[in-house]
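Below is one structure, written out as C-alpha coordinates; the observations come after it.
The values are calculated or read from the model by the stated rules, or taken from the named source; none is laboratory data. This one's a predicted model, so the numbers in the text were calculated from it and none came from an experiment. Positions of Cβ are generated from backbone atoms using ideal geometry, with glycine treated the same way; all protein chains shown enter the neighbour counts. Heads up: the accessible areas ignore ligands, DNA and RNA and are worked out on the full protein's heavy atoms, side chains in. Shrake-Rupley method; radii C 1.70, N 1.55, O 1.52, S 1.80 Å.
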Amino acid sequence: MATYSLANERLRALEDIEREIGAILQNAGTVILELSKEKTNERLLDRQAAAFTASVQHVEAELSAQIRYLTQVATGQPHEGSSYSSRKDCQMALKRVDYARLKLSDVARTWCSCSALQKHPDRLREEMETDIPNPLPQTLHAAAPGFPQTA
(Lines give C-alpha, C1' and ligand atoms only; values in the text may rest on other atoms or scores of the structure.)
Protein backbone atom coordinates (compact mmCIF):
# COMPACT_ATOMS: atom_id res chain seq x y z
CA MET A 1 0.00 0.00 0.00
CA ALA A 2 2.90 2.36 0.68
CA THR A 3 3.95 2.04 -2.97
CA TYR A 4 0.58 3.34 -4.12
CA SER A 5 0.64 6.30 -1.74
CA LEU A 6 4.16 7.19 -2.92
CA ALA A 7 3.04 6.96 -6.54
CA ASN A 8 -0.04 9.07 -5.77
CA GLU A 9 2.14 11.68 -4.08
CA ARG A 10 4.35 11.81 -7.18
CA LEU A 11 1.31 12.20 -9.42
CA ARG A 12 -0.09 14.96 -7.19
CA ALA A 13 3.25 16.75 -7.36
CA LEU A 14 3.16 16.56 -11.16
CA GLU A 15 -0.41 17.91 -11.17
CA ASP A 16 0.74 20.80 -8.97
CA ILE A 17 3.56 21.49 -11.41
CA GLU A 18 1.05 21.48 -14.26
CA ARG A 19 -1.15 24.02 -12.43
CA GLU A 20 1.93 26.14 -11.76
CA ILE A 21 2.77 26.12 -15.48
CA GLY A 22 -0.79 27.32 -16.15
CA ALA A 23 -0.20 30.18 -13.71
CA ILE A 24 3.08 31.00 -15.46
CA LEU A 25 1.29 31.26 -18.80
CA GLN A 26 -1.41 33.41 -17.23
CA ASN A 27 1.21 35.78 -15.77
CA ALA A 28 2.99 35.98 -19.12
CA GLY A 29 -0.32 36.72 -20.85
CA THR A 30 -1.10 39.49 -18.36
CA VAL A 31 2.33 41.04 -18.89
CA ILE A 32 1.96 40.91 -22.68
CA LEU A 33 -1.52 42.40 -22.48
CA GLU A 34 -0.27 45.19 -20.23
CA LEU A 35 2.69 45.87 -22.54
CA SER A 36 0.35 46.19 -25.51
CA LYS A 37 -1.42 49.16 -23.89
CA GLU A 38 -0.26 52.69 -24.60
CA LYS A 39 -0.04 53.55 -20.93
CA THR A 40 1.29 50.63 -18.88
CA ASN A 41 0.85 50.06 -15.15
CA GLU A 42 4.43 49.67 -13.90
CA ARG A 43 3.42 48.17 -10.55
CA LEU A 44 1.29 45.51 -12.21
CA LEU A 45 4.12 44.69 -14.62
CA ASP A 46 6.60 44.37 -11.76
CA ARG A 47 4.28 42.14 -9.73
CA GLN A 48 3.46 39.91 -12.69
CA ALA A 49 7.11 39.69 -13.75
CA ALA A 50 8.16 38.76 -10.19
CA ALA A 51 5.39 36.15 -9.97
CA PHE A 52 6.44 34.80 -13.36
CA THR A 53 10.09 34.51 -12.32
CA ALA A 54 9.27 32.88 -8.98
CA SER A 55 6.91 30.40 -10.63
CA VAL A 56 9.44 29.45 -13.28
CA GLN A 57 12.10 28.85 -10.63
CA HIS A 58 9.68 26.75 -8.55
CA VAL A 59 8.64 24.65 -11.58
CA GLU A 60 12.27 24.17 -12.56
CA ALA A 61 13.18 22.97 -9.06
CA GLU A 62 10.20 20.60 -8.84
CA LEU A 63 10.82 19.14 -12.31
CA SER A 64 14.49 18.63 -11.45
CA ALA A 65 13.45 16.72 -8.31
CA GLN A 66 11.07 14.56 -10.36
CA ILE A 67 13.77 13.85 -12.94
CA ARG A 68 16.25 12.89 -10.21
CA TYR A 69 13.69 10.47 -8.76
CA LEU A 70 12.96 8.94 -12.17
CA THR A 71 16.69 8.60 -12.85
CA GLN A 72 17.09 6.62 -9.61
CA VAL A 73 14.19 4.35 -10.56
CA ALA A 74 15.44 3.79 -14.11
CA THR A 75 19.00 2.93 -13.08
CA GLY A 76 17.88 0.37 -10.52
CA GLN A 77 19.28 2.18 -7.50
CA PRO A 78 17.50 1.15 -4.35
CA HIS A 79 14.80 3.49 -3.17
CA GLU A 80 11.61 3.20 -1.22
CA GLY A 81 8.61 1.59 -2.84
CA SER A 82 10.10 0.08 -5.99
CA SER A 83 10.55 -3.48 -7.10
CA TYR A 84 11.96 -2.59 -10.51
CA SER A 85 15.52 -3.77 -9.85
CA SER A 86 14.34 -7.08 -8.38
CA ARG A 87 12.04 -7.73 -11.33
CA LYS A 88 14.81 -6.79 -13.77
CA ASP A 89 17.26 -9.15 -12.01
CA CYS A 90 14.72 -11.98 -12.20
CA GLN A 91 14.04 -11.28 -15.87
CA MET A 92 17.76 -11.30 -16.69
CA ALA A 93 18.25 -14.56 -14.76
CA LEU A 94 15.46 -16.20 -16.78
CA LYS A 95 17.09 -15.00 -20.00
CA ARG A 96 20.43 -16.47 -18.90
CA VAL A 97 18.73 -19.79 -18.08
CA ASP A 98 17.09 -19.83 -21.53
CA TYR A 99 20.44 -19.07 -23.17
CA ALA A 100 22.17 -21.84 -21.20
CA ARG A 101 19.38 -24.26 -22.19
CA LEU A 102 19.85 -23.32 -25.84
CA LYS A 103 23.62 -23.87 -25.67
CA LEU A 104 23.18 -27.21 -23.86
CA SER A 105 20.68 -28.22 -26.51
CA ASP A 106 23.24 -27.41 -29.22
CA VAL A 107 25.90 -29.45 -27.40
CA ALA A 108 23.49 -32.38 -27.00
CA ARG A 109 22.55 -32.29 -30.69
CA THR A 110 26.21 -32.25 -31.66
CA TRP A 111 26.96 -35.15 -29.32
CA CYS A 112 23.95 -37.11 -30.55
CA SER A 113 24.90 -36.59 -34.17
CA CYS A 114 28.51 -37.67 -33.53
CA SER A 115 27.55 -40.75 -31.53
CA ALA A 116 24.81 -41.64 -34.00
CA LEU A 117 27.20 -41.33 -36.89
CA GLN A 118 29.65 -43.65 -35.17
CA LYS A 119 27.02 -46.23 -34.14
CA HIS A 120 24.43 -46.14 -36.89
CA PRO A 121 24.98 -43.78 -39.80
CA ASP A 122 21.50 -44.54 -41.16
CA ARG A 123 19.76 -43.33 -37.96
CA LEU A 124 21.50 -39.95 -38.01
CA ARG A 125 18.58 -38.20 -39.65
CA GLU A 126 16.04 -39.56 -37.15
CA GLU A 127 18.02 -38.44 -34.11
CA MET A 128 18.71 -34.97 -35.48
CA GLU A 129 15.03 -34.38 -36.24
CA THR A 130 13.87 -35.11 -32.69
CA ASP A 131 13.76 -32.14 -30.35
CA ILE A 132 15.44 -32.29 -27.00
CA PRO A 133 12.79 -31.77 -24.30
CA ASN A 134 12.79 -28.59 -22.24
CA PRO A 135 14.72 -29.42 -19.04
CA LEU A 136 13.13 -26.56 -17.07
CA PRO A 137 9.57 -26.94 -15.85
CA GLN A 138 7.11 -24.26 -16.85
CA THR A 139 6.46 -23.62 -13.15
CA LEU A 140 9.77 -21.73 -13.07
CA HIS A 141 8.30 -19.18 -15.45
CA ALA A 142 4.99 -19.20 -13.58
CA ALA A 143 6.88 -18.32 -10.40
CA ALA A 144 7.81 -14.97 -11.92
CA PRO A 145 4.48 -13.36 -12.88
CA GLY A 146 4.61 -10.35 -15.11
CA PHE A 147 7.53 -11.62 -17.16
CA PRO A 148 7.17 -12.80 -20.72
CA GLN A 149 7.00 -16.56 -21.11
CA THR A 150 9.85 -18.07 -23.08
CA ALA A 151 9.42 -20.53 -25.87
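Looking at (1) closer than 30 Å to Ile24 by Cβ; (2) among the small types (Gly, Ala, Ser); (3) at pLDDT 85 or above, which one does Ala74 not meet, given that it meets all the others?
(3)
Of the residues Ala51, Ala61, Ala93, Ala100, only one is open to solvent by less than 70 Å² (accessible area, probe 1.4 Å) and touching a residue at least 12 places away in the same chain (Cβ under 8 Å); which? Don't jump to the end; show me each part of the working.
Working: Ala61 fails: touching a residue at least 12 places away in the same chain (Cβ under 8 Å); Ala93 fails: touching a residue at least 12 places away in the same chain (Cβ under 8 Å); Ala100 fails: touching a residue at least 12 places away in the same chain (Cβ under 8 Å).
Of the residues listed, the single one that is open to solvent by less than 70 Å² (accessible area, probe 1.4 Å) and touching a residue at least 12 places away in the same chain (Cβ under 8 Å) is Ala51.
When you look at Lys39, is it part of a helix (DSSP H, G or I), charged (D, E, K, R) and either open to solvent by 60 Å² or more (accessible area, probe 1.4 Å) or modelled with pLDDT under 90 (or both), yes or no? Steps first, please.
Numbers: part of a helix (DSSP H, G or I): no; charged (D, E, K, R): yes; either open to solvent by 60 Å² or more (accessible area, probe 1.4 Å) or modelled with pLDDT under 90 (or both): yes.
Taking the combined requirement at face value, the residue does not satisfy it.
Output the qualifying pairs, or none if there are none: Cβ atoms under 9 angstrom, residues six or more apart or on different chains, first residue in segment 1-17 and among the hydroxyl-bearing types (Ser, Thr, Tyr), second residue modelled with pLDDT under 80 and open to solvent by 80 Å² or more (accessible area, probe 1.4 Å).
Matching pairs, first to second residue: Thr3/Glu80.
Evaluate segment 120-143: report whether one residue or more is outside any helix (DSSP H, G or I), of a type in the set (Gly, Ala, Ser) and at pLDDT below 60.
If we filter segment 120-143 for residues that are outside any helix (DSSP H, G or I), which is where we start, we get 120, 130-137, 143.
Next, from what is left, pick out any that are of a type in the set (Gly, Ala, Ser): 143.
Restricting the remaining residues to those that are at pLDDT below 60 gives 143.
Among the residues of segment 120-143, at least one is outside any helix (DSSP H, G or I), of a type in the set (Gly, Ala, Ser) and at pLDDT below 60, which makes the answer yes.
Those residues that are open to solvent by 40 Å² or more (accessible area, probe 1.4 Å) and closer than 17 Å to Ala61 by Cβ, I need them from segment 1-32; list them, please.
Selection gives Glu9, Arg10, Arg12, Leu14, Glu15, Asp16, Glu18, Arg19, Glu20, Ile21.
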